[in-house]
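Chemist: My questions will all concern the structure given below.
Quick note: the coordinates plus some simple rules give every number you see, no bench work behind them. None of the values given here were measured: they were computed from a predicted structure. Positions of Cβ are backbone-derived with ideal geometry, glycine not excepted, and every protein chain shown enters the neighbour counts.
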Amino acid sequence: MVRQITVEPLIIDTFRPYGDVIQLEGNKNMVIANQGTAKRVNHVAKLENLREASGPVLQSAKPNMCIFSSAPRPTTSGHFKVGLLERHPFSSQVFMPIHQQGATETDPDAPCYLVIVAENGLDDRPDLNTIRAFAANLTQGVNYKANSWHSPMVAIGQRVNFVVLVWENGVKLQDCEEASISTVVVDLKPLFKKLSVSKL
């Protein structure tokens, strides 16, 4: 039997077991900066490079700030199928949306990408009983905790560009581990209401 879940809104407290939501509103660490002309949110995400704590056992890693340009993923009748999750065992990973093509026509508060996560099971694989999907918009970024299972980025209905920050050393299984999973279907319709039927 195929497991089906329903997309949820991305909220700071709800997402905390998996990492951080990076957004201006709703954060408690806000101060006024730049002679009163800016809002600054301190410590908006916990950045982790766990290789340092392991000592000489692991090859050291360097921070890699890169850009992902994610094409919209295929959906069927308002549903998205998940068949693979990944994790970065020794590093957190930040995704922050940046300027989009056609941004003048885009509602920044409308959801445009999915954040799919699951807890680690007793077998050291994703526990599908805990899998969840969150709808994120262009004003929100995410920071996955080190060793947190998540889907590769899923843009919905439009291309989304991200600045990404992750610590990497070029050793495949230390940088990124993938796990194929039984298909999970995400119902997008409750929150992706502004997408046309053709895009869904």
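Chemist: Suppose a student asked you for the relative contact order of the chain, using Cα pairs under 8 Å spaced at least 6 residues apart; what percent would you report? Each step should come with its number before you reach the end.
Modeler: Values: 447 pairs, mean separation 72.1, N = 200.
Computed value for the chain: 36 percent relative contact order.
Chemist: Run the quick spin-label model on Thr76 and Glu177: label points 7 Å from Cα toward the beta carbon, then report their separation in nm to one decimal.
Modeler: 3.1
Chemist: Using every alpha carbon pair in segment 113-174, what percent of pairs falls into each 5 Å bin from 0 up to the bin containing the largest distance?
Modeler: For segment 113-174, the pair-distance distribution reads 4, 13, 24, 23, 18, 14, 4, 0.
Chemist: Between Ile181 and residues 5 or more places away or on another chain, which pairs have amide H atoms under 5 Å apart, with H built 1.01 Å from N, and which residues are they?
Modeler: Leu84, Leu85
Chemist: On to the next question. Only residues of segment 5-23 count here: report those whose backbone N is under 19 Å from the spot 7 Å along Cα→Cβ of Lys193, or say none.
Modeler: 6-11
Chemist: Here is a further query. With labels modelled as points extended 7 Å from the Cα through the Cβ direction, what inter-label distance (nm, one decimal) is found for Arg159 paired with Val2?
Modeler: 2.9
Chemist: Then there is this: How much FRET efficiency would the formula 1/(1 + (r/R0)^6) give for Asn29 and Ile98, where r is the Cβ-Cβ distance and R0 is 25 Å, rounded to 0.05?
Modeler: Calculated transfer efficiency: 0.65.
Chemist: Would you grab the residues whose amide H sits under 5 Å from the one on Ala146? Only those 5+ places off in sequence or on another chain, please, with H modelled 1.01 Å from N.
Modeler: For Ala146, whose amide H was placed from the backbone, the distant partners under 5 Å are Ser92.
Chemist: When the expected Rg is taken as 2.2 N^0.38 Å, what fraction or multiple of it is the alpha-carbon Rg of the chain? Can you show the working numbers first?
Modeler: On the way: Rg = 17.4 Å, N = 200, 2.2 N^0.38 = 16.5 Å.
Its radius of gyration relative to the 2.2 N^0.38 Å reference: 1.05.
Chemist: Could you pull out the GluC sites (Glu not before Pro) across segment 10-64 that fall in loop regions by DSSP (anything but H, G, I, E, B) with no more than 14 other Cβ atoms inside 10 Å?
Modeler: On the way: sites: Glu25, Glu48, Glu52; in loops: Glu25, Glu48.
Those that pass, being in a loop and sparsely packed, are Glu25.
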